[in-house]
Amino acid sequence: MTDEIKKGLLGIVVDETTVSQVMPEINSLTYRGYAVQDLCEKCSFEEVAYLILNGNLPNSIQLNKFMKEERTNRNITINLREIITHVPKKAHPMDVVRTVVSVMGLEDKETVDNSPEANMRKAMRILAKTPTALAAFFRARKGKKIIKPKNKLSFSENFFYMCFGKVPQKEIVKAFDVSLILYAEHSFNVSTFTARTITSSLSDIHGAITGAIASLKGPLHGGANEEVMNMIKKIKTPNKAKNWLIDTLNKKQVVMGFGHRVYKSGDSRVPSMKKYFLKVAKIKKDKKLHKIYDILEKEMIERKNIYPNLDFPTGPTYHLMGFDTDFFTPIFVISRITGWSAHIMEQYASNKLIRPLSKYKGSKHRKVMLLNNR
Ligand code: ACO
């Protein structure tokens, strides 16, 4: 045993996984061995969700069965709908989505069954119901009527339908699908590690995902996609982007959507997402966002050699699609449920309680004085 402290567990390998890896030979994130760029071009989010949860890409029979299970589990209870309509309208949607997964744990008939089969069924229910709950809050807080899910629609189409009452053109849906594919999984990041840590005490999947959502909320993790949009809103116009960046760097402030603990010369998910961001920008006749994007990207690389991460292109893409900024990270949640669930099941299959050590630097041993002597 060594006394050396590795803050942030930097460089520490804590376990094995078969879910995903950044493969050095192709310099890309891979899910179960498949490069994400390849998956984005050739698969739907449902196929990738199946892959992450089951280990292999589905054939058409397996995919149809999987889609049927997801589609027939989309409805949420009246109780949950009531809760969503009664939470404070100003509540952050990440806090709402964290609460709804927790409530689903109260309502689920298999909460205490942690067998692999029950965990897979619960993962499917969380995957199917969370978008419905999120879309319900999207509308409820604006005083709009909640829209029930439609089983004929794909996962992404249905999410648009439940939020806006209509499905946009297929290029927009594809861009959204790509963002979900890219957000679905990323190995031992902080939220996944949180989920695995909770699971390691043999707690349940709803609890582990609830904790993971709390962890994803932070601006150093998933919360960055919202912060990217807030930053772009502050910059306002492309001609102000360069000076804004110089000023921010001079003040030694972090530029949101840049940098990554794993990728030091570019996030392998960014080129795919950027491609679809530009498609959406063209369809929406965007004049500003893509220009601000290009300036910040170029200047950050030139000045700091720091590259954008996935949150940089997703932020403005979701904005152009019409989503409220504080819904960006909850959208990340509806996708990452797949990765978290796969890791939770992997942790169960080969569990060891996660319990690191710390180096004590507090007071030396002290004697307790009785209250009236202190
Ligand atoms: N803006 C300005 N400087 C940065 C940035 C940034 N976005 N990212 C890293 N740096 C600088 C740091 O200031 C530090 O400089 P120094 O050595 O002079 O002190 C150096 O680069 C190393 O950065 P660390 O923070 O030590 O790198 P670490 O691997 O710990 O952090 C992190 C990675 C937290 C993602 C960081 O890059 C960051 O804060 N980025 C902004 C937040 C963000 O976009 N998060 C999204 C992550 S991806 C995702 O969740 C999908």
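No value in this document is a laboratory result; all are computed from the given coordinates. What you see is a predicted model; the values in this text were computed from it and never measured. Every residue, glycine among them, receives a Cβ derived from its backbone with ideal geometry; neighbour counts consider all protein chains shown.
A few points about this structure:
- For the chain, a simple Cβ point-charge model (Lys and Arg +1, Asp and Glu -1, everything else neutral) yields a dipole of about 1620 debye relative to the Cα centre.
- Residue separation of ASN230 and LYS142 scaled by 0.36 nm, minus their Cα-Cα distance, works out to 29.6 nm of gained length.
- Take every pair of alpha-carbon atoms less than 8 Å apart whose residues are at least six positions apart; their mean separation over the length of the range 49-130 yields a relative contact order of 38 percent.
- Using θ = phi - 60° in the Karplus curve 6.51 cos²θ - 1.76 cosθ + 1.60, the 3J(HN,Hα) couplings for the range 357-364 round to 10, 10, 9, 6, 9, x, 4, 6 Hz; x is entered for Gly and Pro.
- Compactness of the range 231-304 - radius of gyration and Dmax, Cα, Å: 12.9, 36
- Ranked packing of 287-299, 177-189, 37-49, most packed first, by mean Cβ within 10 Å: 177-189, 37-49, 287-299
- Largest first, the three principal axis extents of the alpha carbons in the range 83-166 are 40, 31, 17 Å in whole numbers.
- Using θ = phi - 60° and Karplus 6.51 cos²θ - 1.76 cosθ + 1.60, couplings along the range 274-285 (whole Hz; Gly, Pro as x): 4, 4, 6, 4, 5, 5, 5, 4, 5, 4, 8, 6
- Net length gained if the chain between GLU82 and GLU4 were fully extended (0.36 nm per residue, minus Cα distance): 23.0 nm
- Computed extension length for HIS365-LYS170: 63.5 nm, one decimal, from 0.36 nm per residue of separation with the Cα-Cα distance subtracted.
- Distant-in-sequence amide H partners of SER28 (H built 1.01 Å from N, under 5 Å): MET23
- For the range 23-130, the spread of Cα coordinates along the three principal axes comes to 49, 31, 23 Å, biggest extent given first.
- Computed E for ILE301/GLN62 - FRET, C-beta separation, R0 45 angstrom, nearest 0.05: 0.60
- The range 234-359 - Debye-derived log10 I(q)/I(0), Cα point model, q = 0.09, 0.17, 0.19, 0.23 Å⁻¹: -0.35, -0.97, -1.13, -1.43
- When each of the peptides 251-258, 19-26 is scored by how many other beta carbons lie within 10 Å of its residues on average, the order from highest to lowest is 251-258, 19-26.
- Two-decimal ratio, the chain, of alpha-carbon radius of gyration to 2.2 N^0.38 Å: 1.03
- Distance between the modelled labels on ASN54 and ASN27, one decimal in nanometres: 3.5 nm (7 Å Cα→Cβ projection).
- Think of the chain as a dipole: +1 on every Lys or Arg Cβ, -1 on every Asp or Glu Cβ, centred on the Cα centre; then among ILE181, VAL22, ASN64, ILE181 lies furthest on the positive end.
- Of the peptides 51-62, 4-15, 341-352, the ranking by mean beta-carbon count within 10 Å, highest at the top, reads 341-352, 51-62, 4-15.
- Per-pair calculated FRET efficiency, R0 = 45 Å: VAL262 and LYS240 via Cβ, rounded to 0.05: 0.90
- In this calculation the C-beta distance from LEU249 to LYS288 is compared with R0 = 30 Å, giving a FRET efficiency of 0.90.
- Helical content alone sets the calculated 222 nm signal of the chain at -18000 deg cm²/dmol, taking -39,500 (n - 2.57) per DSSP H segment of four or more residues and averaging over every residue.
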